[in-house]
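Notes follow the structure.
None of the figures in this text is laboratory data; all of them are computed from the coordinates on show. Everything quoted here is computed from the prediction, not taken from an experiment. All Cβ positions, glycine included, derive from the backbone under ideal geometry; neighbour counts span all protein chains shown.
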Amino acid sequence: MLPFKLVFHERYDLNLGEHVFPSRKYQWLRDRLVRTRFASAEDFVAPEPATDDDVRLVHDDEWVAKLRSGTLTYQDILRLEIPYSRQMVEAFWLAAGGSILAARLALEHGVGFNIGGGFHHAFPGHGEGFCAINDIGIAVRRLQRDGAIRRAMVVDCDVHHGNGTAGVFASDDSVFTLSIHQANNYPSEKPPSSLDIHLPDAIGDAEYLHRLGNGYRAALAMFKPELLVYVAGADPFQEDQLGGLSLTFDGLKERDRLVIWTALSHGLPVAIVLAGGYAQSVEDTITIHANTAEVAKEVLLKVGAGTKSGRLFRRG
Ligand SMILES: [Zn+2]
């Protein structure tokens with residue numbers, strides 16, 4: 001049995017049909033993890049959907065009402081870049097519930113892994129770039145409201161800037177947002193995160209890891225979070241159709257190790273969400289996400305073995 005839970009719901013699929021965003025990847029990743037015997041049925045836990053009150057911890061009433069009632073304007077849908085359906089809305093609410101659950105499980109076990117979420121382009125008042133609501137913001141705010149945490153850090157390694165998350169937490173000193181992304185890529189406007197690492201095109205493993213390591217360690221040294229949300233986008237991969245960086249499979253695994261090890265070895269729990277991934281072959285995207293789960297297991301076992309009880313994170 002895994003030392004942490006995988007949060008998954010069979011209705012995570014956004015029902016997009018033929019679309020560059022392969023939202024069936026959630027089911028395919030679950031299937032891959034079972035097929036390779038990395039996980040078995042008891043390692044998975046299904047979330048409840050977030051409540052509308054949870055969603056309103058981040059989003060304006062008007063935007064929530066539009067999504068709930070299906071009254072998006074043509075402009076809203078253009079900006080969202082995905083077709084509207086009831087199933088799509090339900091999937092976003094489930095993904096947000098999944099990220100809340102993954103964050104709670106992280107406090108308990110050190111790692112919580114949502115096989116979904118990472119919708120970092122959603123702003124309080126609108127959605128964009130395949131993201132209707134910001135599950136990252138909702139999870140952090142819900143745990144804060146419950147009194148489970150006060151301070152959180154978001155480390156966003158998707159190839160695209162975490163503009164929505166930056167917008168959500170712009171005037172919130174309790175949350176540190178770090179985004180490392182390709183500068184010459186979507187979104188064209190990049191509202192400032194607490195720390196932005198703007199990368200040139202085609203950067204490879206070594207340079208990426210160097211820059212991420214420097215920025216991340218400096219951020220942790222000055223801001224002491226109680227929870228890390230790791231946005232583990234698969235799209236910095238060299239064969240991504242919507243990305244222009246040149247990371248390899250091994251480089252992405254090293255990235256995962258850097259983020260997760262640095263946190264766990266300091267006793268900082270990590271909630272992991274998937275975000276983007278648009279490799280030419282969807283199998284490559286699945287491999288990158290599966291590798292993140294493998295690295296999380298490897299690091300958690302190593303950290304657990306290094307503590308007397310092996311129960312560093314269990315609280316309450
Ligand atoms: Zn992306």
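Assorted remarks:
- Put simply, the C-alpha atoms of the chain give a gyration tensor, and the ellipsoid matching it has half-axes of 26, 22, 21 Å, longest first.
- Extent along principal axes [Cα atoms of the range 196-316; Å; largest to smallest]: 44, 31, 22
- Computed from point charges on the beta carbon alone (+1 for Lys and Arg, -1 for Asp and Glu), the dipole magnitude for the chain about its Cα centre is near 1240 Debye.
- Stretching the chain fully between Arg11 and Val45 yields a gain of 10.9 nm (0.36 nm per residue, less the alpha carbon separation).
- For a label point 7 Å along the Cα-to-beta-carbon line of Asp250, residues of the range 185-213 with backbone N under 13 Å: 205-206
- Neighbour-count ranking [beta-carbon atoms within 10 angstrom, fewest first] of Met153, Met1: Met1, Met153
- Neighbour counts of C-beta atoms inside 10 Å place Val20, Val229, Val175, Val34 in the sequence Val20, Val34, Val175, Val229, starting with the fewest.
- For the set Lys25/Lys297; Lys190/Lys224; Lys5/Lys25, the pairs lying more than 23 angstrom apart at their alpha carbons are Lys190/Lys224.
- Net dipole in debye of the range 155-246 [+1 Lys, Arg Cβ; -1 Asp, Glu Cβ; about Cα centre; nearest 20]: 300
- Least to most buried among Ile136, Ile149 (fewest other Cβ within 10 Å first): Ile149, Ile136
- Positive-end residue of Pro47, Gly110, Leu33, charge dipole of the range 31-134 with Cβ unit charges: Leu33
- Distance between the C-alpha centres of the range 163-180 and the range 94-147: 13 Å, rounded to the whole angstrom.
- Stretch gain in nm, segment Glu18-Arg217, where the contour uses 0.36 nm per residue and the Cα spacing is subtracted: 67.6 nm
- Each part reduced to its alpha carbon centroid, the range 202-232 and the range 11-72 end up 26 Å apart.
- Placing +1 on the Cβ of every Lys and Arg and -1 on the Cβ of every Asp and Glu, with nothing else charged, gives the range 172-219 a dipole about its Cα centre of roughly 120 debye.
- Span-like helix ranges in the chain, DSSP H, alpha carbon extent 18 angstrom or more, Kyte mean at least -0.5: 86-109, 205-222, 249-264, 282-305
- Spin-label model, Glu294 to Ser85: label points 7 Å out along the Cα-to-beta-carbon direction sit 3.3 nm apart.
- Convex hull (Cα only) mean projected area of the range 32-100, reported in nm² to one decimal: 6.1
- The GNM of the chain, with springs linking C-alpha atoms under 10 angstrom apart, assigns the highest mean-square fluctuation among Ile197, Ile180, Ile288 to Ile197.
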